[in-house]
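Scroll down for the structure; my scribbles are underneath it.
The values are calculated or read from the model by the stated rules, or taken from the named source; none is laboratory data. Since the model is a prediction, treat every value here as computed from it, not as a measurement. Virtual Cβ from ideal backbone geometry, glycine too; neighbours counted across all protein chains shown. What goes into the accessible areas is simple: the full protein's heavy atoms, side chains included, and nothing from ligands, DNA or RNA. Shrake-Rupley method; radii C 1.70, N 1.55, O 1.52, S 1.80 Å.
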Amino acid sequence: MNAEATLVPLMFFGSIFAFPLVRRQLIHRHDIERLHALRPALTPPLPDAPLPGTADDTPALALRLPEPHRHYALALLCRLQDAPYDQLDVQAQYVLRQARLDYLPTTLRAYLTLTPAARAHLHARGHSPESHLQEQLETIAQGISAVLGQDQTAAQRMLTQGAFLRDRFVQGHREDGPTTVRKFLQS
């Protein structure tokens, strides 16, 4: 009877305090499921996504990195995901796709598969695996910046449009004189 007298109040108070925690967990789970249902509609597909049957594990690899590198790798992933692929020339698109689907995952796998013996070997040679990872991530980031900064498509369109307008309107201006422009503006 003594155990029963102890267990009943314990179960009562346990249920009072556990109910809000369980309720909060269920609400959180429901919110996550709702977000996963909305996710395909909210995010555009990555151009040239991996083939069906192969998983894109780059985000999972990035999450396994130590903290300063995790943040940097995830920022690179976001930058590659948000790049305006449809506004870039073919060469820039190719480099960004390669960075996203090959260079970045290969770099992350190389770091994450280092064995303790390989780490010891690098340290014995005076190298830090973390510094090499940071250097490689920075190299990829610089390449992405260079590709996005050197995109010539928009500039080429602007130059082409300017040449077209000069051809159309400046030639007409020379033949008819300034009256052609005045006539156009008055009509």
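Here are a few things to note about the model shown:
- Nearest-0.05 FRET efficiency for Gln142 and Leu63, computed from C-beta distance (R0 22 Å): 0.40
- Gained length - Thr113 relative to Arg157, 0.36 nm times residue gap less alpha-carbon distance: 11.3 nm
- The protection proxy used here, the mean number of other Cβ atoms lying within 10 Å of each residue, ranks peptides 69-80, 13-24 as follows, highest first: 69-80, 13-24.
- Extension gain (nm, one decimal) between Glu4 and Leu74, 0.36 nm per residue minus Cα-Cα: 19.8 nm
- Per-pair calculated FRET efficiency, R0 = 45 Å: Leu21 and Gln91 via Cβ, rounded to 0.05: 0.25
- Residue-wise HN-Hα couplings along segment 22-31, as the Karplus relation 6.51 cos²θ - 1.76 cosθ + 1.60 with θ = phi - 60° gives them from phi, are 5, 4, 4, 5, 5, 5, 4, 4, 5, 4 Hz; Gly and Pro carry x.
- Amide H contacts under 5 Å for Asp89: Gln152, Thr153, restricted to partners 5 or more places along the chain or on a different chain, H placed in the peptide plane at 1.01 Å from N.
- ³J(HN,Hα) computed for each position of segment 117-125 - Karplus, 6.51 cos²θ - 1.76 cosθ + 1.60, integer Hz, glycine/proline x: 5, 5, 4, 4, 4, 5, 5, 5, 8
- Listed residues Thr106, Thr113 arranged by accessible area, highest first, probe 1.4 Å: Thr113, Thr106
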